[in-house]
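Here's the structure, in structure tokens; my notes come after.
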Amino acid sequence: MLEPSYPVLIFFALRNGLYLAGLLPIALAKAIVCRSPARFWAIGALILCLISAVAYYVVPALGLYTAPIAVWASSIKTYGGGVMVPLFASVMMLACATSHGSRWPWLDYLHGIGFVVWLVLWGWTTWF
């Protein structure tokens, strides 16, 4: 009776690190193959994905629950209700896709599909 729907469960899984873990190899590939200024946007998204990977996976794996880095990781994970870091990384990747020097457009399409799915699930959990 009080069970959440499947879109809500999928969005929570994506919001809690899976989306950024999937965006990380796309940002890495774009940072390698793109030229400036698209490369700068891809490197920014890559850095944001790496920071979130440390916050979501490394800090809990090391058991650093009372260290100052745990407070920092918690603030990264919960910034804007947990949606702002993936949103910022995706906006950087969209800027990379539309800026001069972008290559491998199929990665942009792959990111675009994932971003649209993430936005639809975010809207579903917010308004329905």
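Each value in this text was obtained by applying a stated rule to the coordinates, not by laboratory testing. Bear in mind the structure is a predicted one, so any value in this text is a computation, not a measurement. Neighbour counts run over all protein chains shown; Cβ positions are idealised from the backbone, glycine included.
Give me the residue from region 1-42 that is hydroxyl-bearing (Ser, Thr, Tyr) and more than 17 Å from Ser99 (Cα to Cα) and, out of that set, nearest to the chain's Cα centre (by Cα).
Restricting attention to region 1-42, the residues satisfying the condition of being hydroxyl-bearing (Ser, Thr, Tyr) are 5-6, 19, 36.
After this cut, where a residue has to be more than 17 Å from Ser99 (Cα to Cα) as well, the list is 5-6, 19.
Values: Ser5: 23, Tyr6: 21, Tyr19: 5 Å.
If we take residues in region 1-42 being hydroxyl-bearing (Ser, Thr, Tyr) and more than 17 Å from Ser99 (Cα to Cα), then Tyr19 is nearest to the chain's Cα centre (by Cα).
With the structure loaded, tell me whether Arg15 is touching a Gly at 6+ places or on another chain (Cβ under 9 Å), among the charged types (D, E, K, R), under 28 Å from Val120 (Cβ atoms) and crowded, with 19+ Cβ neighbours inside 10 Å or whether it fails that test. Steps first, please.
Numbers: touching a Gly at 6+ places or on another chain (Cβ under 9 Å): yes; among the charged types (D, E, K, R): yes; under 28 Å from Val120 (Cβ atoms): yes; crowded, with 19+ Cβ neighbours inside 10 Å: yes.
Taking the combined requirement at face value, the residue satisfies it.
For region 18-36: of the residues being surrounded by 14 or more Cβ atoms within 10 Å (Cβ to Cβ) and small (Gly, Ala, Ser), which is nearest to Met92 (Cα to Cα)? Walk me through it before giving the result.
Within region 18-36, the first condition is being surrounded by 14 or more Cβ atoms within 10 Å (Cβ to Cβ), and the residues that meet it are 18-24, 26-31, 33-34.
Okay, now just the ones that are also small (Gly, Ala, Ser), so 21-22, 27, 29, 31.
On the way: Ala21: 15, Gly22: 15, Ala27: 9, Ala29: 14, Ala31: 12 Å.
Out of the qualifying residues, it is Ala27.
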* **Output for region 57-90, where each listed residue is out of contact with any Ser or Thr (no Cβ under 6 Å at 6 or more places or on another chain), of a type in the set (Val, Ile, Thr) and under 16 Å from Ala21 (Cα atoms)** => Val58, Val59, Ile76, Val83
* Asked: Say we look at region 37-92 and pick out the residues that are more than 24 Å from Phe11 (Cβ to Cβ) and touching a residue at least 60 places away in the same chain (Cβ under 8 Å); which of these is surrounded by the fewest Cβ atoms within 10 Å (Cβ to Cβ)?
  -> Pro37
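Mind checking which residues of region 62-84 are aliphatic (A, V, I, L, M) and more than 27 Å from His111 (Cβ to Cβ)?
Residues of region 62-84 that are aliphatic (A, V, I, L, M), as a first pass: 62, 64, 67, 69-71, 73, 76, 83-84.
Matches in region 62-84: Leu62, Leu64, Ala67, Ile69, Ala70, Val71.
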* May I ask you to verify whether Gly101 is farther than 20 Å from Val8 by Cβ and outside any helix (DSSP H, G or I)? => yes
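Can you tell me which of Ser52, Ser36 is small (Gly, Ala, Ser) and in a loop (DSSP other than H, G, I, E, B)? Full working, then the answer.
Working: Ser52 fails: in a loop (DSSP other than H, G, I, E, B).
Checking each option against the conditions leaves just Ser36.
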* Might you let me know whether region 109-128 holds any residue that is in contact (Cβ under 8 Å) with a residue 24 or more places away in the chain, surrounded by fewer than 17 Cβ atoms within 10 Å (Cβ to Cβ) and in contact with a helix residue (DSSP H, G or I) (Cβ under 6 Å, 6 or more places away or on another chain)? => yes
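Looking only at region 53-102, count every residue that is among the polar types (S, T, N, Q) and under 26 Å from Lys30 (Cβ atoms) and tell me the total.
Here is the first cut: in region 53-102, the residues among the polar types (S, T, N, Q) are 66, 74-75, 78, 90, 98-99, 102.
Narrowing further to those that are under 26 Å from Lys30 (Cβ atoms): 90, 98-99, 102.
So the answer is 4.
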